[in-house]
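Have a look at the structure below, then the notes.
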Amino acid sequence: MAILEAENVVMRFGGVVALDDASVDVDPGLVTGLIGPNGAGKTTLFNVVTGLLPPTSGRVKFDGVDITRAGVAKRSQMGIARTFQKLEAFNTLSAFDNVRVAVEKNHRTKWKHQRVNDVAHEMLGKVGLDDVADVTVGTLPTGSARLVELARALACRPRVLLLDEPSSGLNEEETSSIGQLLLELVADKNNDLAVLLVEHDMSFVMGVCARIHVLDFGKIIAVGTPIEVQADTAVRAAYLGSDEFRGAYVGVDE
Amino acid sequence: MILGLRPSVVITTAVAVVGAVILTIFTWAGSPVTSGTFLVATYTGLFLGALWAMYATGLVVVYTTTGVFNFAQGAIGVFSAFLYWELHVNRDWHSIAALLVVVGLFAPALGVLLDIMLMRRLRTATLVVQLMVTVAVMVLLLALVGVVWEADTARRVPFLFGIENGVDLGPSRLPWHRLIVIIVAIAIAVSMRYLLRRTRIGTAMRAVVDNRELAALNGARPNVVSSTSWALGSMLGALGGILIAPELGLDPATLNSVVIIAFAAAAFGALRNLPLAVVGAMLLGLLRQHSETWLDFGPNFQIAHRSVAPLLLFAVVVALPQARLQVGRVAHHLRRHERYTNWWEGLIGCGVIILLAVMLSGGWLNFKIWDPAPWGLLELNSANAALAMALIGCSLVPLIGWAGQLNFAPLAFAGFGAFVYLKLAGDTASGYWIPLVGLLCAPFGALVALPAARLRGLYLALMTVALAQAMSLIFFPHPSVIPRTKVGLQFPDIELFGITFDDRRGFFMLLVCTFAIFVYALVLLRRSRFGRRWIAINDSQAASATLGVPVVWTKVVVYAVSAAIAGIAGVFWATVAGNLDSAQSFDLLIGFEAVLLVAAAGVSIPLAGIFLIFKPLFTGLAARLEEAGNVDYLVTFLDQLVIFGPGLMAIGMVFNPRGAIFEMGRGFSPILPWRKDARAEIAAENAQKREPEIGELGLERPFTPEEVIAIDRRLGILDEVVPKEGYGNSRS
Amino acid sequence: MKNLRWIICLLAVFALVAASCGGNDDEGGSAPAAAPTEAPDDSMDDDMGDDSMGDDSMDDDMGDDSMGDDDMDDDMGDDSMGDDDMDDMGDDDMGETDAEPVATEEPEVDPCANVDLEATDIGITSDTITVLVMADVGSPLAPGLFQGSIDGVKAWADHVNAEGGLACRQIEVLEHDSAISPTDTTNGFLKACEDAFVLVGTTALFALDTSDLQTCPDAQGNEIGVPDFAYITTEPPHQCSVVTFASSRPNSECPYGGSGPRTVQSQVGHAQWTLENVEPNLHGVYLVPTDLPSTITSTMPQVRSFQEIGVVIDGEPGFSGFTTQSEYGTYIQIMRDNDSNFAYSGGDDQSMIKWRSEAEAQGFDSESVVWMCQLACYTPSFLEAGDVVEGTYTWIWFLPFDEVEHNDELADFMEFIDNDFPPAWAAGSWADGVLFEQVVNGIVAEAGPNGLTRQAVLDGARGLTSFDVNGWWSPADYSTTQNIMPCFMVMQVQDGAFARVYPEAPGELDCNADNVVELTLDWSAEFGG
């Protein structure tokens, strides 16, 4: 059963329809992809799922429970964590403190200071940021700041992790190590983790995702495995002429 | 849903109406209801509403088009009114000529100047910096008015249009001047609405604030647009000032206070809706006139009807829907390494503070300007008053400095603390009550923050302005709050640990130690999970919420902590004076100035409160110099510094948002032997300076992906040109 | 946000009104005498001899001084107070004192000759006396507010020094800016305690804590306080200070516990005169300033005393500095509804201008109405309002500035102040100077120029049962904290200038004992708006 379901979500801003009857479901133990051209509504869907935006209509279910009306923090406590496309790191705080804020809020037991620090270091270690733990995030390169967000999200011990373009700002090597990390995380049954990934880097998406939803003009136009999606004519039409046109075909060709 | 209104609006309106009816029944003055009285109250209310609407229109226009809420709107009006007086009355210009010069030339020039010099740079600044700078402009303009046009004589501005004739309405008469003002105010609001909604420049103006880059790509020139807005806003302020001056008399503080009513009116229109803002202003005028005419709040609440504006603001804040957590407003900072002050560094620092205080007051430091002598009662008295203010300043550090929530009413919180202490301790003056004062002030702070914490920070800032005003209008003047006529001291000397601090030297040491303890407590608080969490909600509320931090609750807690600190400080503050006086102590401008100074000091730093000794320090220094050697130019300089210093320093935040103490610390910390990190940071910065500019590199070889990112970051556009939801459906 | 400047003017006005409304406890005989205030009176008498003795000695000094006895003779012996009025006062203390024939012994010896001048107390050297003038001037919001007070004291010092000095010494004036702030005001008291002999011309509105003033040690270390010859005392702690002698006398009972009824005196001479000579059926609106509780408490006695003598109050609406002119339309409407013929403002000149302008704007028939306000309207800026204020009555308790030929003290003041229409506080602080001068001269006559100590000044001032600024002001009794300013004169704005209407003869004040009414009021319960 899907751990996270967005059912028939409609999101209107004035006259603009950002999401038009979009339904997405995410299964545990898998990385699910969400792709689409710029402005297709991917980030809007993330915002609806995490509670930053109340949908005009439609429902969001987590683990079978309707959470459409639940607050952002509440959803986080239930196990939904995310990163942001446009960075939302705590720029004034160090990388270490960014993670500590999450650890302190999401590990219920009254841990000692030292225990919090240990967990925070562990999370930073996972994303490979040990050596910049003391650096203010505002001064880190974009890619590293994204990794801080990832570490911070992981520190929430999520059951669903929503990643909004984690690879942008990273070089190829870093991107592939992130992909590796994601696959490891979802594969570990102890984590009981599902990942929903928004990404422009098609090779990355095709490499890690088990299922892919394709969003265009707020509508889901295709769902399936990477192979199925790449073969879909509607998807090809949607990407035609866009920035990702070439990227999409590079992905297919590979 | 009724009439398509949100339930919160309907409920609040219903509660307000029912409350008003009950209030009316209980406070009915019993004066005869005649058509004349009713008419006078009605059109006077409409006229006042029209004047306030003019200010509110200016506020809304500037806010919708530049995103900056202009606290200086009233001060622009004050300055313009004085300038108009100078030209028209003092220099005998024709009124039309003077009006054209002030509203048509001076005001737009001032607006454009402000935009180019300051406001344009505030686009990406935090709310704290934005508001601080406009408040600083306000304080500076008022100070300038005070210096140019001294208060040694009363001035009057004649009515712009004739007031001798008018429309006869039954037993009373509506003079042409007022009718014209009402019409003009509505016409201005309508034409501004038309300008913003229906014209090309208006569309560009609104587009620029929503998405500057996108608007620029579509051909709007953001700088031209923002200058136009500021010119317009400034003209409206000037016109409002000139029209209201004949009604109130030319007095800077009185004229400036009008703007607070305009804040409430603008908030009624949710800061962006012009027609609603005008309706709000009219409603305020009618409510105030009619309540003044028909209601009697008893001898102890004589001026309560003037608190209509704060109350309306409060109702609006309650009725507004919860704000969405905004994404994409993360501030950028310069500092490379985050470093906590160690607990032992904090201790040493506090020791140094105490030592310095002892040495200074003992006359052991020789500055070679005058003979050092132990401080007399005079110096100690000034120092005590200054230190008490510095204690109040400490309350702003967690609130403004870390959580990024504004509070313009620290003195209202302090006064509340003093009030609580007075009720608790009575005449015993035992210092052991002081912690309890803190505990009781905390829920008060929470209560104030609760309605506005759901909203954007600006509403909280406005709420505190309303709080300060409402407290000084309703709460503090009440005789049972502070028995003002009592002869002698209301606040006797504090007794603590068996010692009565009855002489000024002893009290000075008590204050110094208390200040050191406050600073040290702040250092520890900053190191705690609370400090981290507060900074987190300041940096990104959206991200904090997605990590499970309850944003609203966290804001309420930080207000409570701040109120507790301010309340405790208030006990010392009141004890220094021996009295609390409602007129003097709760003047909003004094609160504004205190907040400005702390902000300019670098409000995120625990020591920032010390800047509140600024004024007494330089006043005292000037007096000392005058006595010692008559260094005239220096004395004059210091006097002017006291008047203009806070404003100028706060304006410096445009260029250095982290404040003076932070910069001093950067210079000073590498000297400390154990601060390797500080030396490394300086070295790294120097190395960075030697690196060639990105632009030069691009000429010789293609950009690497990292450089593209660096360019994007510097341009503030990062990876996408479309950062905002809702406008993102078109493909770029 | 408070309108400081406005409140300040208002407070000043109130202090002045309070002063003029002030009454002596033993005056009029209606109220039981306040025992605590009597006590120092007696002891003073012991020190100084009886009242008339004090007067005599003063005259001696004046004669000794280079100021010349002519001044004195004119002032004291001549009719500047109005002989008729003096007779009316007949049997009260003050009347006696004033009416007493002045002894004019020609001095033979110069007290300064053959004396080794000493530094007898703090602020005194062998050749100077340092006085401190403290006034609210430096507030950024209202710079220059009470600059007039400082100018007044400086003018007085210049005058005294030009005439040969005081107690064989020159006067040096120290300035302190109390900046409309309680802390700076306390600092002023501390500074005076350390550096000056006495305070002269104090015009500070926030004298909330006078403990430093009253317990300041003298050169011997006795905590007797600094003599404070203040102009206004707005706060009860200042009003009830035992070392403060305000030339505008406080009108309220001291000590006062802070709540409950308090005995006050009120000057109603001008209203009485209006009833008798202008409009026998006086009824109308009294505007009560409501910015602060203290502005209400200082106004209500006058409203109630008006009612006591038969003025009908149709309405007593509250107003403030924030009240726009258009809002005065409401008060006009009350007058319309009641067909009022009386309009009295308890506020400043600007409030009266707004009120009258609005009446004109409303097409209200101002002709049949007696518009009246107090000293606050006696300003050049009131006249600048032009035709609209024509006909307004105002009353004061000293001879107006244009009557220089009728009083030499006034002539000196106008010569040295260098201002055609000085603010009232300049006159008040000059009066403080003269008060101090008179006390010092008394001491010099008795104990010589080296007898000058703070204690002697305090004793001297406390023994002063009648002082009238050499005939320029209404006489007042300084031996009690609560006392009387019985005199008044009424002016009316005619052709853009203040014209004397009563008493008709220039140089005269009406000092009838009936001018003062005594009331007991509980302030907080009085005003209903």
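Please treat every number below as a calculation from the coordinates, not as lab data. The model shown is predicted, which means the values in this text are computed figures rather than measured ones. All Cβ positions, even for glycine, are placed from backbone atoms using ideal geometry, and neighbour counts span all protein chains on display.
Considering amide H positions built from the backbone, and no H for Pro or chain starts, which residues 5 or more places from A:GLY58, or on another chain, come under 5 Å of its amide H? Here A:VAL10 satisfy the definition. Working from the Cα coordinates of region A:80-157, the gyration tensor eigenvalues give, after taking √(5λ), semi-axes of 19, 13, 10 Å in decreasing order.
Note down, for region B:75-114, the three equivalent ellipsoid semi-axes (square root of 5 times each alpha carbon gyration tensor eigenvalue), biggest first, whole angstrom. Could the numbers behind the result be given before it?
Working: eigenvalues 65, 23, 7 Å².
That gives 18, 11, 6 Å for the three semi-axes.
Rank the residues B:ARG456, A:ARG75, B:ARG156, B:ARG91 as a footprinting-exposure proxy: fewest other Cβ atoms within 10 Å of their Cβ go first. Before the final figure, lay out the partial values.
Details: B:ARG456 16, A:ARG75 23, B:ARG156 19, B:ARG91 9.
Neighbour counts put them in this order, fewest first: B:ARG91, B:ARG456, B:ARG156, A:ARG75.
Quick check on chain A: helices-only [θ] at 222 nm, where DSSP H runs of length 4 and up contribute -39,500 (n - 2.57) each and the sum goes over total residues. Nearest 500, please. Write down the numbers at each step before the final one.
Numbers: 10 runs with 101 residues, N = 254.
Mean residue ellipticity, 222 nm, calculated: -11500 deg cm²/dmol.
Residues in region C:324-340 carry Karplus couplings, in order, of 7, 4, 4, 5, 5, x, 4, 6, 4, 5, 4, 5, 4, 4, 9, 6, 5 Hz; the curve used is 6.51 cos²θ - 1.76 cosθ + 1.60 with θ = phi - 60°, and Gly or Pro positions show x.
Annotation: peptides B:286-297, C:240-251, ranked by per-residue average of other Cβ atoms within 10 Å with the highest first, follow the order C:240-251, B:286-297.
Under a Cβ-only charge scheme (Lys and Arg +1, Asp and Glu -1), can you give me the dipole magnitude of region B:344-611 about the Cα centre, in debye to the nearest 20? The dipole of region B:344-611 has a size of about 880 debye.
Panel order for A:MET78, C:MET134, B:MET132, by other beta carbons found within 10 Å of each beta carbon, from fewest to most: A:MET78, B:MET132, C:MET134.
Computed from the alpha carbon positions, the gyration tensor of region C:234-388 leads to an equivalent ellipsoid with semi-axes of 29, 18, 15 Å, biggest first. Exposure proxy for A:LYS105, A:LYS189: other Cβ atoms within 10 Å of each Cβ, ordered fewest to most, give A:LYS189, A:LYS105. Using θ = phi - 60° in the Karplus curve 6.51 cos²θ - 1.76 cosθ + 1.60, the 3J(HN,Hα) couplings for region A:49-64 round to 5, 7, x, 5, 10, x, x, 5, 8, x, 10, 10, 10, 10, 6, x Hz; x is entered for Gly and Pro. Take region B:344-611, drop everything but the C-alpha atoms, weight them equally and run the Debye formula without solvent; then report log10 I(q)/I(0) at 0.07, 0.10, 0.11, 0.17 Å⁻¹ to two decimals. Treating every Cα as an identical point scatterer, log10 I(q)/I(0) equals -0.25, -0.50, -0.61, -1.35. Each of A:PHE46, A:LEU34, A:VAL116 was scored by the projection of its Cα onto the charge dipole of region A:1-116, and the greatest displacement toward the positive side belongs to A:VAL116; charges sit on the C-beta of Lys, Arg, Asp and Glu. Its relative contact order, with pairs defined as Cα atoms under 8 Å and 6+ residues apart, puts region A:80-157 at 51 percent.
Hey, got the average number of other protein chain Cβ atoms within 10 angstrom for residues in A:72-82? Let's see the in-between values first.
Working: counts 13, 11, 3, 3, 7, 3, 1, 1, 2, 3, 4.
That average works out to 5.
Distances between placed amide hydrogens fall under 5 Å for C:VAL490 paired with C:VAL501, C:TYR502, all partners being 5 or more residues away or on another chain.
Two numbers describe the Cα atoms of region B:606-679: Rg and Dmax, which are 16.0, 46 Å. Karplus-based coupling profile of region C:492-507, in residue order and whole Hz: 9, 6, 10, 6, x, 9, 7, 10, 5, 10, 7, x, 5, 6, x, x, with θ = phi - 60° in 6.51 cos²θ - 1.76 cosθ + 1.60 and x standing for Gly or Pro.
May I ask you to order A:12-25, C:466-479 by the average number of other C-beta atoms within 10 Å around their residues, highest value first? Please list the in-between numbers first.
Details: A:12-25: 17.7, C:466-479: 25.4.
Listed from highest to lowest mean packing, they are C:466-479, A:12-25.
With only the Cα atoms considered, region B:517-592 has a convex hull volume of 113 Å³ per residue.
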